[in-house]
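Take a look at the structure below.
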């Protein structure tokens, strides 16, 4: 289920009820640098009045020597195996819940991993507020221009392909390396946000030529301070 | 504020609190055929324990003789004037709320209309679950393919421009006329939903060649029965 972008108040009433009905919650452990995120998940469970048994599982490590697609597929296989092993450690009397940042459909692997389980579970997806909405809400801007198209893409693809053909607006997720630097900045405005919805939230916006270097600096400084970062940005061309 | 796609349970905890804090709610009246939507807004207000004064305003009619951009701009001017007139009819002691289907950023004009108000109000945007998430949740499918780009666009643009360059996935909103018919259906799968999150929800999916005509029929039948329709679809190319 989608839990929004880190603000416990982003949970929907449907989400809260689903957490209350869950008998087990699978909780990923990603290593000590992201410990605050596991803490945040537990805080959300408490805030929602969940009484589920919390079953932690270690996230496997990706084999960086493999080509991208294979690496991701093997990693999903490994996570599915960890889920099954974790669930085998105790009784499961009712629904098993997974808490997903934002929404389970948006640049998240939970659905693809769940399809690997044997026997195939009956899936219920609870939609959540995504980083797209948290970003545009924080800046109080529209997602799209009037009758305009929006391309949602990754940093990897932006670096490889440049500004997507035909898009007035581009939203970039999963960008570990300020891929906006690969674009010609003329006429482009950027709205950036990190740790959206959390107390650590940082925002910056402006013409790309001027705001780009500032965002790069803010990003590096924030990542060094917290040990991790989750960010997203939207760009529009005049 | 975004209220999700018609299911009162899509409201977030933040949204519920914002409704409780509002002193006035502006409620659009779009004519008798959409009366159930005004009713649904009132039901959401009641379910959230809102005590705000509800101030209705008549939605102005678009001048279809004008070119598209001018028509939309004039219409937004006219709506802003109606808001100001409606608010002038009584005291406004605290926040004024507008309930937006889905999220205020996504193919919605509320932010653009609010910018026209004099004096300029202090805007607070409460993000909501959008039809994008409601659609992918209802079908239990991911929004994007692995490292894939998604183009979010309108029926008008799909008809004019065909399948957007470089996109594995296309999501179409505001399509009054089954614009997927303009595409070559080979290798395209479609997931469609109408009245998402409501008791009237209808879903259909499959290869475009086979599902397209079926969706067209379902859509016409449902629109005739309810007098209105809100739908959205996602297509992926193999």
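The values are calculated or read from the model by the stated rules, or taken from the named source; none is laboratory data. The structure presented is a predicted model; accordingly, all values stated were derived computationally and were not measured. Glycine also receives a Cβ, built like all others from the backbone with ideal geometry; neighbour counts cover every protein chain displayed.
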Among B:50, B:38, which is surrounded by 14 or more Cβ atoms within 10 Å (Cβ to Cβ), under 26 Å from residue B:129 (Cα atoms) and in contact (Cβ under 8 Å) with a residue 24 or more places away in the chain? B:50
Any residue in region A:56-71 that is in contact (Cβ under 8 Å) with a residue 12 or more places away in the chain, assigned to a helix (DSSP H, G or I), under 20 Å from the mean Cα position of the chain (by Cα) and surrounded by 14 or more Cβ atoms within 10 Å (Cβ to Cβ)? no
Boolean, residue A:36 is out of contact with any strand residue (DSSP E or B) (no Cβ under 8 Å at 6 or more places or on another chain), within 25 Å of residue A:227 (Cα to Cα) and either outside any strand (DSSP E or B) or at pLDDT 95 or above (or both): yes
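Can residue B:56 be described as within 24 Å of residue B:85 (Cα to Cα), at pLDDT 90 or above, away from chain A (no Cβ under 13 Å) and in contact with a helix residue (DSSP H, G or I) (Cβ under 6 Å, 6 or more places away or on another chain)?
no
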Might you check whether a residue that is within 24 Å of residue A:4 (Cα to Cα), in contact with a strand residue (DSSP E or B) (Cβ under 6 Å, 6 or more places away or on another chain) and at pLDDT 95 or above occurs anywhere in region A:85-96? yes
Of the residues B:149, B:182, B:160, only one is under 15 Å from residue A:107 (Cα atoms) and in the same structural domain as residue B:212 (by TED's automatic domain parsing); which? B:149
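Return yes when residue A:80 is in contact with a helix residue (DSSP H, G or I) (Cβ under 8 Å, 6 or more places away or on another chain), in a helix (DSSP H, G or I) and farther than 26 Å from residue A:10 by Cβ and no when it is not. Reasoning before the result, please.
On the way: in contact with a helix residue (DSSP H, G or I) (Cβ under 8 Å, 6 or more places away or on another chain): yes; in a helix (DSSP H, G or I): yes; farther than 26 Å from residue A:10 by Cβ: yes.
For residue A:80, the condition - in contact with a helix residue (DSSP H, G or I) (Cβ under 8 Å, 6 or more places away or on another chain), in a helix (DSSP H, G or I) and farther than 26 Å from residue A:10 by Cβ - is met.
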When (1) out of contact with any helix residue (DSSP H, G or I) (no Cβ under 9 Å at 6 or more places or on another chain); (2) part of a helix (DSSP H, G or I); (3) within 11 Å of chain A (Cβ to nearest Cβ) are applied to residue B:16, the one that fails is (1)
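Among residues belonging to region B:107-119 that are farther than 28 Å from residue B:202 by Cβ and under 19 Å from the mean Cα position of the chain (by Cα), point out the one that is surrounded by the fewest Cβ atoms within 10 Å (Cβ to Cβ). Talk me through it step by step, then tell me what you get.
Step one: of region B:107-119, the residues farther than 28 Å from residue B:202 by Cβ are B:111-119.
Next, only the ones that are under 19 Å from the mean Cα position of the chain (by Cα) stay: B:111-114.
Numbers: B:111: 19, B:112: 16, B:113: 19, B:114: 20.
Of everything passing the filter in region B:107-119, B:112 is surrounded by the fewest Cβ atoms within 10 Å (Cβ to Cβ).
Kindly indicate the residue of region B:83-104 that is in a loop (DSSP other than H, G, I, E, B) and in contact with a helix residue (DSSP H, G or I) (Cβ under 9 Å, 6 or more places away or on another chain) and also surrounded by the fewest Cβ atoms within 10 Å (Cβ to Cβ) among those meeting that condition. So that I can check it myself, show each step before the final result.
Initially, region B:83-104 is screened for residues in a loop (DSSP other than H, G, I, E, B), giving B:88-95, B:99, B:101, B:103-104.
With in contact with a helix residue (DSSP H, G or I) (Cβ under 9 Å, 6 or more places away or on another chain) added as a condition, the list becomes B:94-95, B:99, B:101, B:103-104.
Details: B:94: 11, B:95: 17, B:99: 25, B:101: 23, B:103: 31, B:104: 28.
Checked region B:83-104; the qualifying residue surrounded by the fewest Cβ atoms within 10 Å (Cβ to Cβ) is B:94.
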Helices (runs of 4 or more DSSP H) enclosed by region A:120-226 - at least 1 residues per element that are surrounded by fewer than 16 Cβ atoms within 10 Å (Cβ to Cβ) and away from chain B (no Cβ under 13 Å): A:208-226
When only residues in region A:105-116 that are in contact with a helix residue (DSSP H, G or I) (Cβ under 6 Å, 6 or more places away or on another chain) and over 20 Å from residue A:231 (Cβ atoms) count, which is farthest from the other protein chains (Cβ to nearest Cβ)? A:116
Which one of the conditions (1) over 17 Å from residue B:137 (Cα atoms); (2) in contact with a helix residue (DSSP H, G or I) (Cβ under 8 Å, 6 or more places away or on another chain) does residue B:184 fail to meet, given that it meets all the rest? (2)
